Structure formats: structure tokens, C-alpha cells
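What follows is calculated from the coordinates using simple rules that are stated; it is not laboratory data. Given the structure is predicted, the values throughout are model-derived calculations rather than measurements. All Cβ positions, glycine included, derive from the backbone under ideal geometry; neighbour counts span all protein chains shown.
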Amino acid sequence: MKKIVSPLLEWYSKNKRELPWRKDKDPYHVWISEIMLQQTRIEAVKEYYKRFMDKVPTIEDLSKIEEDELLKLWEGLGYYNRARNLKKAAVEIMEKYQGKFPSQYEEILTLPGIGEYTAGAISSICFQKKEVAVDGNVMRVYARVCKQDIDVTDSKVKKEVGEEIRKILPDTPGDFNEAIMELGETICLPNAIPKCMECPLSKYCQAYRYHLEGELPRKILKKEKKEEQLTVFLLVWNHQIALNKRSTGLLKNLWEFPNAASFLSQEEALNWLGEGNLVKHMKKGVTNTHIFTHKKWTMKSYLIELDHPIKDYVWVSLEEIKKNYAIPTAFQPFLEYLEKDQKKNN
Ligand code: SF4
């Protein structure tokens with residue numbers, strides 16, 4: 001592994017991508033981008049990152065932001081607890097570190113929502129600490145270069161790989177960590193298609209030498225996700241839509257369209273609503289499937305026009321929903337469907 005350090009750093013200095021959060025080594029910028037990158041592709045993160053920094057340019061701003069505004073900024077990224085933890089950590093940085101991002105790995109690790117990977121990335125990139133940042137990309141490159149048949153999803157194995165990498169960290173640990181991740185993202189790609197001919201490490205890579213780059217790392221069968229069925233109620237009254245704030249469980253405190261567990265027939269749906277006599281018009285709406293980390297939701301919907309509003313819900317226009325209410329990705333197709341339906345009827 002030691003032999004890969006120089007060619008990797010040289011390759012990185014010539015080939016690193018221009019990314020907005022790489023313009024400076026500001027820990028606030030690196031932190032926000034790292035948390036966003038845990039959930040989506042680099043190209044998509046660029047837009048979210050820009051919007052976030054325009055609205056919340058400093059740690060102090062983040063510590064003061066209203067939760068609804070924060071969740072709206074996070075809309076579409078999923079894993080909303082990560083956004084809440086950003087704010088909690090910002091409050092802690094304001095109170096405990098007078099608004100200055102801590103520089104020590106151990107201090108960073110104690111902040112809400114920051115795990116070993118993120119603490120390693122921030123402390124090495126922004127403060128040049130000799131810490132490792134091992135993500136899926138690093139695990140894949142390591143497994144291939146060293147021809148190791150390891151379970152790259154196992155946290156114990158990840159720790160062991162981290163210790164091996166720590167031994168070879170150069171005096172520019174941040175560049176090294178970014179370089180190996182960048183190689184995994186752009187050259188040593190997953191799913192049996194690494195671009196070995198363009199790789200600066202091919203001379204040292206054991207998987208390449210033995211033609212095993214397509215076999216390593218070995219695939220780990222994922223557990224089946226638990227499936228849940230939902231009936232979603234798209235209730236319309238006087239051009240206003242019914243919204244409900246989730247009080248528990250998955251997507252807690254986010255806005256949703258009212259819904260019931262299981263698929264309901266038209267008759268059952270009216271019973272569930274308990275407002276049968278208020279229904280002016282009812283039709284079947286779109287269906288959607290959404291996959292979470294451990295669950296899969298299959299959703300069917302009814303579009304129902306009511307005579308009177310139902311008191312339990314908040315009634316808001318579509319324009320207002322889009323501007324001020326954070327609707328989780330699972331419910332976005334229903335929002336689009338309502339928009340199309342409203343345009344059709346205007
Ligand atoms: S030679 Fe191929 S398998 Fe080895 S590190 Fe480079 S891209 Fe990955």
C-alpha cells in the first residue's frame with residue numbers, strides 16, 4: 001500500500017474535480033457537503049449545497065434556523081434526522097466552541113450526527129490531522145489493490161482497513177483521503193467496471209494483476225426490505241390541499257398527505273375518512289413505491305374533492321406547499337399529480 005501514495009497524490013493534483021466545497025478548506029463547507037454526499041450523487045449535491053449556503057452561510061445562521069425552513073432546504077435529500085443533527089451540532093459549536101469549528105478529531109466526533117468517517121474527513125482535510133476517512137470508495141480501492149476478499153460493509157473490517165491506511169498516511173492526509181475517495185468515484189468504479197487502463201495504481205494493484213478487478217470486492221446479499229402498503233388521501237377543498245404533520249416514526253415532523261396503513265377500497269376509504277357525506281367527487285390517483293433503508297412503501301391514492309374542510313388537517317394551496325412545506329420524496333409524485341390535475345381543470 002505504501003507504494004500507492006505518491007502516484008495517487010500526483011494523479012489527484014492533476015485530475016481532481018472542481019467542486020464548490022473544495023474552493024477553500026472551510027470546515028463548515030466540508031461538513032455540510034460530506035453530510036449531503038452521504039445520501040446522494042455529487043451532481044445532485046452541487047445544487048443542494050449552493051441553495052443551502054445561500055440561505056445558511058454560517059454556523060451561526062444554522063444554529064438559529066427554524067426547523068421547518070431547515071427541512072424545506074433538505075427536501076428531497078431524505079434522512080431528515082441528518083438535517084436536524086446539523087442544527088444541533090451548530091448550536092453546540094456556538095455554545096461550546098464560541099462558533100469556531102473544533103479542530104481535534106475527538107471533539108468533532110462528539111458533535112451530533114458526526115461519525116468516524118466525517119470526523120476523519122473534516123479533521124484531515126481542514127486541519128491536516130493524520131486521521132483516516134474510510135467510506136465505501138476507499139474500501140473498494142483497498143480490497144482491489146490488496147486483493148483482499150473482505151466484506152466491505154462490515155464495520156469491524158472497515159476499522160481494520162482504517163488502521164492499515166493510517167500506517168501509510170503522508171504529511172498531507174487530507175489530500176490523500178480525498179484522492180483515494182476520488183479514485184473510487186471516478187476510476188475504480190463499483191459493479192465490475194473499473195477503468196484500470198486509466199488508473200495510476202494499476203502497476204501496484206493485485207486485483208488488476210490477477211484479473212480479479214471484476215470479482216472484488218465480493219457482493220454481499222442485501223436483506224429483503226419490509227414492505228408496507230399505504231392509501232394516500234389527496235383531499236382538496238376550495239383549491240386547498242390537506243396536509244398532516246407526522247408525529248412519530250419514519251419522517252417524523254415532516255408534512256405528508258393524510259394516509260392509512262394498507263390498501264383501502266373506495267368504500268373503505270370513505271369509511272376511513274368518516275366524511276362520506278362531504279365528498280363531492282372521488283377518483284383513483286397515482287401510485288408510487290418508495291424505498292427507505294429498511295423499508296419499502298407501496299402507495300395508492302385517491303383524489304377526493306370535499307364540500308367542507310376537515311378540521312384535523314392544515315389546508316394549504318399548492319403554491320404555498322411548494323414554497324414553505326417540506327414534503328418527503330415518498331410523497332412528491334402525489335404533489336406532482338395534484339399540480340397536473342389542477343392545471344387540467346383550470
Ligand atoms: S487498477 Fe483497476 S482495480 Fe486496481 S485500483 Fe485501479 S481501477 Fe481499481
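Some observations on this one:
- Rounded to 5, percent antiparallel among DSSP beta bridges of region 226-345: 65 percent
- Using the Karplus relation 6.51 cos²θ - 1.76 cosθ + 1.60 with θ = phi - 60°, the per-residue 3J(HN,Hα) values for region 29-41 come to 5, 5, 4, 4, 5, 5, 5, 5, 5, 5, 10, 7, 5 Hz, with x marking Gly and Pro.
- Straight-distance crosslink candidates among aspartates and glutamates, where the alpha carbon sits under 18 Å from Lys340 and sequence neighbours closer than 8 are dropped: Glu305, Glu319, Glu320
- Per-residue Cβ neighbour rank within 10 angstrom, fewest leading, Tyr204, Tyr97: Tyr97, Tyr204
- Built amide H within the under 5 Å cut-off of Lys147, gap 5+: Gln206, Ala207
- Here the Karplus curve 6.51 cos²θ - 1.76 cosθ + 1.60, taken at θ = phi - 60°, turns the phi angles of region 74-91 into couplings of 8, 3, x, 7, x, 6, 5, 5, 5, 5, 5, 5, 4, 5, 4, 5, 5, 4 Hz, with x standing for Gly and Pro.
- Spin-label model, Glu224/Lys322: points 7 Å from Cα along the beta carbon direction are separated by 4.1 nm.
- Exceedance of the 23 Å cut-off in Cα-Cα distance is limited, within the set Lys295/Lys343; Lys14/Lys158; Lys226/Lys300; Lys147/Lys167; Lys129/Lys195; Lys158/Lys222, to Lys295/Lys343; Lys14/Lys158; Lys129/Lys195.
- Cα long-axis angle, helix 42-55 against the chain (0 to 90 degrees, to the nearest 10): 70 degrees
- Helix-only [θ]222 nm of the chain, DSSP H runs n ≥ 4, -39500 (n - 2.57) each, per residue, nearest 500: -13000 deg cm²/dmol
- Normalised convex hull volume, region 226-345, alpha-carbon set, Å³ per residue: 101 Å³
- Helix 173-186 axis, angle to the chain major axis (alpha carbon atoms, nearest 10°): 60 degrees
- Remark: spin-label model distance Glu198-Glu267 equals 6.1 nm, labels positioned 7 Å along the Cα→Cβ axis.
- Reach of Lys344 by Cα under 17 Å, taken over lysines that are not fewer than 8 positions away in the same chain: Lys283, Lys284
- Whole-angstrom gap from region 271-307 to region 1-47, using each part's C-alpha centre: 42 Å
- Direction-averaged projected area, Cα convex hull, the chain: 20.1 nm², rounded to one decimal.
- Segments 31-43, 212-224, 160-172 sorted - mean Cβ within 10 Å per residue, highest first: 31-43, 160-172, 212-224
- Dividing the Cα radius of gyration of region 53-167 by 2.2 N^0.38 Å, with N the residue count, gives 1.24.
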